[in-house]
1. Just to be sure I understand the filter: pairs with C-beta atoms under 8 Å, separated by 6 or more residues or on different chains, first member in the stretch 29-46 and farther than 14 Å from Ile83 by Cα, second member among the basic types (Lys, Arg) and surrounded by 20 or more Cβ atoms within 10 Å (Cβ to Cβ). Which pairs pass?
2. Looking at the stretch 1-29, which of its residues are at pLDDT below 95 and assigned to a loop (DSSP other than H, G, I, E, B)?
3. Please work out if Glu96 is acidic (Asp, Glu), more than 12 Å from the chain's Cα centre (by Cα) and at pLDDT 95 or above.
4. Condition test on Ala64, is it within 15 Å of the chain's Cα centre (by Cα) and either modelled with pLDDT of 95 or more or under 27 Å from Leu162 (Cβ atoms) (or both)?
5. Which ones in the stretch 5-29 are open to solvent by less than 70 Å² (accessible area, probe 1.4 Å) and more than 24 Å from Ala65 (Cβ to Cβ)?
6. Is there a residue in the stretch 81-88 that is modelled with pLDDT of 95 or more, more than 16 Å from Thr132 (Cβ to Cβ) and among the basic types (Lys, Arg)?
7. Return the pair list, or none, for Cβ contacts closer than 6 Å from residues in the stretch 89-108 that are without any contact (Cβ under 8 Å) to a residue 60 or more places away in the chain to residues that are of a type in the set (Asp, Glu) and open to solvent by 20 Å² or more (accessible area, probe 1.4 Å), at least 6 apart or on different chains.
Amino acid sequence: MTLAAIDSGLFRRVLRRHAAAVVVVTAPGPAGFTATSFTSVSLDPPLVSFCVSRTGSAWPAVSAAPLVAVHVLTADQEPVARIFATPGIDRFAAHEPLGTWHESPDGVPLLDGALAILICRVENQFEAGDHTIVVASPIDAAHHDDAEATPLVYHDGEYVALGQGASTGLL
């Protein structure tokens, strides 16, 4: 391995080596987008974060939303990830043939069938390059009834499913 000065091409190639869970973030509007930047930040108090592009179509709704929902997608939901990553379309209308969605009592769009869902109160937003880092506190949560369901992962420029053995702990 030889180190080299970073440029945008090398930066993209290096980051493609990082595997990340695929989520869809939704906000009232309805608006939503696919992200791989979701992470837990703190257990006490519970905090999560994700990044959103300020040039993306979901940005106006996300930037103004007091509440958002983060949906961790199952391995079977690759078509959902692709729809919410497609620019210039009505993502919720395009989602209709794939699955259902409904609004929470607070008006946040919730996609059915996700591996896990967190409804979160937006706490902070920080500009970072061409994106904004959103820090949010989970206020409600749910997870898939099937304990065998696995997450959709993005790695090396492709959506991949983890094998069932991937969820076992280290010895």
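The values are calculated or read from the model by the stated rules, or taken from the named source; none is laboratory data. Keep in mind that this is a model prediction, so the values were computed, not measured. Cβ atoms come from the backbone with ideal geometry, glycine included; neighbour counts cover every protein chain shown. Surface areas here come from the heavy atoms of the whole protein model, side chains and all, with no ligands, DNA or RNA. Shrake-Rupley method; radii C 1.70, N 1.55, O 1.52, S 1.80 Å.
1. Sorted first by the residue in the stretch 29-46, then by its partner, the list stays empty.
2. Taking the stretch 1-29 first, the residues at pLDDT below 95 are 1-21, 29.
The answer is Met1, Thr2, Leu3, Ala4, Ala5, Ile6, Asp7, Arg16, Arg17, His18, Ala19, Gly29.
3. no
4. Numbers: within 15 Å of the chain's Cα centre (by Cα): no; either modelled with pLDDT of 95 or more or under 27 Å from Leu162 (Cβ atoms) (or both): yes.
Here the answer is no, as Ala64 does not meet what is asked.
5. Applying the first criterion (open to solvent by less than 70 Å² (accessible area, probe 1.4 Å)) to the stretch 5-29 yields 9-10, 19-28.
Within the stretch 5-29, Gly9, Leu10, Ala19 meet the criteria.
6. yes
7. Close Cβ pairs (under 6 Å, with a partner that is of a type in the set (Asp, Glu) and open to solvent by 20 Å² or more (accessible area, probe 1.4 Å)) amount to Gly99/Asp112; Thr100/Asp112.
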